[in-house]
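The values are calculated or read from the model by the stated rules, or taken from the named source; none is laboratory data. Just so it is clear, the structure is predicted and the values come from calculations on it, not from any experiment. Here the Cβ positions follow ideal geometry from the backbone for every residue, glycine too, while neighbour counts run over all protein chains shown.
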Amino acid sequence: MCMNCIASQKDIFEWARDHRVHHKYSETDADPHNATRGFFFSHVGWLLVKKHPDVIAKGKQLDLSDLYEDKIVMFQRRHYKLLSKLFTVIMPIVVPWYLWNESVWNGFFICFAFRYAFTLNTTWCVNSFAHIWGSRPYDENINPSENFIVVLSNCRRRFPQLSSHISPGLCHK
């Protein structure tokens with residue numbers, strides 16, 4: 001929950017729902033960041049427009065009972081605005097200032113602004129680069145690919161994007 005708040009890419013519930021819709025309906029109008037709509041849309045444009053009606057409709061059809069039953073997920077959903085501000089903005093500024101005597105400006109520009117912009121863009125590269133460019137050794141007929149640049153920039157990811165579409169269970173181990 002803390003890492004999700006630090007990333008500040010919507011609460012766990014909404015992120016998980018949209019991620020499930022993306023995997024189930026990849027590269028269709030029901031995919032929240034459909035790469036067939038172009039690089040800009042799949043990278044960041046999808047966040048600047050209203051969700052396609054198919055995304056909403058298909059999201060409502062998913063079984064999300066595991067998320068509803070998870071107390072941590074629902075706690076975070078109820079308090080997301082506060083938790084997100086605390087972990088994304090306040091702590092990255094205050095902790096370096098208080099513990100290491102860094103200036104508030106360094107905390108703001110490096111620990112908050114640069115870090116946030118960098119992590120957002122490396123995450124968005126999974127939706128754009130890894131769905132448009134890269135090798136497709138298992139199935140040439142699908143958009144998700146193994147993109148070396150995305151794998152390097154997202155060193156926290158255990159498996160390339162293509163593997164998560166071919167064998168979704170790998171992502172959860």
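Sub-8 Å Cβ pairs linking a first residue in segment 83-102 that is free of Cβ contacts under 8 Å to residues at least 40 places away in the same chain and farther than 13 Å from M3 by Cα to a second residue that is among the charged types (D, E, K, R) and not in a helix (DSSP H, G or I), at least 6 apart or interchain, are P96/E102, ordered by first then second residue.
Annotation note: of D18, D54, the sole residue that is at pLDDT below 95 and either outside any loop (DSSP other than H, G, I, E, B) or surrounded by 15 or more Cβ atoms within 10 Å (Cβ to Cβ) (or both) is D18. Counted as qualifying within segment 63-162 are the helices (runs of 4 or more DSSP H) with 1 or more residues that are surrounded by fewer than 13 Cβ atoms within 10 Å (Cβ to Cβ) and modelled with pLDDT under 95, namely 115-127, 148-153. Just to be sure, is F40 of a type outside the set (S, T, N, Q), modelled with pLDDT under 95, surrounded by fewer than 17 Cβ atoms within 10 Å (Cβ to Cβ) and outside any loop (DSSP other than H, G, I, E, B)? Taking the combined requirement at face value, the residue satisfies it. Among the residues of segment 4-61, those that are over 11 Å from the mean Cα position of the chain (by Cα) and at positive phi comprise E27, G38.
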